[in-house]
Structures are given as C-alpha cells and as structure tokens.
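Worksheet for the structure shown next.
The values are calculated or read from the model by the stated rules, or taken from the named source; none is laboratory data. Predicted, not measured: the structure shown is a model, and the values here were computed from it. Please note: Cβ atoms are built from the backbone with ideal geometry, for glycine as well, and neighbour counts cover all protein chains shown. Ligands, DNA and RNA are stripped out before the accessible areas are found, and what is left, the full protein with its side chains, is counted by its heavy atoms. Shrake-Rupley method; radii C 1.70, N 1.55, O 1.52, S 1.80 Å.
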Amino acid sequence: MNNLKIGNILKKGDVEGFSRIFSEFHTPLYECSRRYISDPDDAEDIVQNVFIKVWEKRETLVIHSSFKAYLHKMVTNLCLNTLKQQEVKNEYVQELKIRLLEEDNRRILEEADIGGLMKTETINKLQ
C-alpha cells in the first residue's frame, strides 16, 4: 500500500481500510517492538498504542517520509519511553526495599534493647 492510498484511507476514516493497514504492518511492528521489549504483552501493547494514536490523529496526520518508516519510528520511540519508565520504576522499587530493610533492622535493634540484648550481638546476628 502506498502513502497516498494510506493517507486517503486515514482521511476518510475508512475502518475497513484501516483494518487492512493494521494487518499489513502489525507483524513487522511487533517484531520491532520485541527487539526492545522482552515481555510479549508489553510489546503488543506498544504496537496497539501506535495504531490507536494513528487512528486518533488520522485527520491531521502529515507524513513526510514513508508510512512504514513513520510507524517504525513511533514504535521505537514508545519502546524507549517504556524502557525509561521501567528503569525509573525499578530504581524506586530498589530504594523502597532498602528503606524497608533499614526500618526492619531498626525495629529489631529497638526490640533487642528492650529484651536486654546488646546491640553489637544483634548486629552480628543480623549480618
């Protein structure tokens, strides 16, 4: 399918034509997404989101290169954004784990003092 034909399908809001576009480009976009994203469901979500965005912007969409290149760029950008979000989330989880561990250690030390145990003995046991 050429860019002109795709542009006409999008501008008209041709659902059947859009379904053909989806069928033609889905597999290569999914494979592109999987190069970045290990989880198959997440990779599929990214491809779905690309098609949703294209459909939502169909009336104002202007593509200066090939439609295929445009879609691949969208998938790549969404993959990179997803990886950045996952990295931030992982850092937050690690920080939270450290805080919880420190709180648990503090609580154990406080309980140990109440029971009359020496802090150094408790620390040695914890280590």
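Considering only residues of segment 24-34 that are surrounded by 12 or more Cβ atoms within 10 Å (Cβ to Cβ) and of a type outside the set (A, V, I, L, M, F, W, C), which is nearest to Met74 (Cα to Cα)?
Ser33
Please verify whether Ser66 is farther than 30 Å from Lys125 by Cβ and at pLDDT below 95, treating the condition exactly as stated.
Working: farther than 30 Å from Lys125 by Cβ: yes; at pLDDT below 95: yes.
So Ser66 passes the test.
Take segment 14-66 and flag every residue that is hydroxyl-bearing (Ser, Thr, Tyr) and touching a residue at least 24 places away in the same chain (Cβ under 8 Å). Selection gives Ser33, Tyr36, Ser66. Take the conditions (1) open to solvent by 80 Å² or more (accessible area, probe 1.4 Å); (2) touching a Pro at 6+ places or on another chain (Cβ under 9 Å); (3) aliphatic (A, V, I, L, M); Leu71 misses just one of them, which is (1). Kindly check whether there is at least one residue in segment 40-63 that is surrounded by fewer than 12 Cβ atoms within 10 Å (Cβ to Cβ) and of a type in the set (A, V, I, L, M, F, W, C). Yes, there is a match, as at least one residue in segment 40-63 is surrounded by fewer than 12 Cβ atoms within 10 Å (Cβ to Cβ) and of a type in the set (A, V, I, L, M, F, W, C).
Answer yes or no: is there a residue in segment 35-43 that is more than 18 Å from the chain's Cα centre (by Cα) and at pLDDT 95 or above. Checked segment 35-43: no residue is more than 18 Å from the chain's Cα centre (by Cα) and at pLDDT 95 or above. The residues of segment 70-108 that are over 17 Å from Tyr36 (Cα atoms) and touching a residue at least 12 places away in the same chain (Cβ under 8 Å), listed by number, are Asn105, Ile108.
Can we say Lys84 is in a helix (DSSP H, G or I), loosely packed, with under 15 Cβ neighbours inside 10 Å and modelled with pLDDT under 90? Criteria not met by Lys84. Candidates Tyr36, Tyr92: the one that is over 30 Å from Asn124 (Cα atoms) and of a type in the set (Phe, Trp, Tyr) is Tyr36. With respect to Ile21, is the statement that it is aliphatic (A, V, I, L, M), loosely packed, with under 12 Cβ neighbours inside 10 Å and assigned to a helix (DSSP H, G or I) true? Considered against the rule, which asks whether it is aliphatic (A, V, I, L, M), loosely packed, with under 12 Cβ neighbours inside 10 Å and assigned to a helix (DSSP H, G or I), Ile21 comes out as no.
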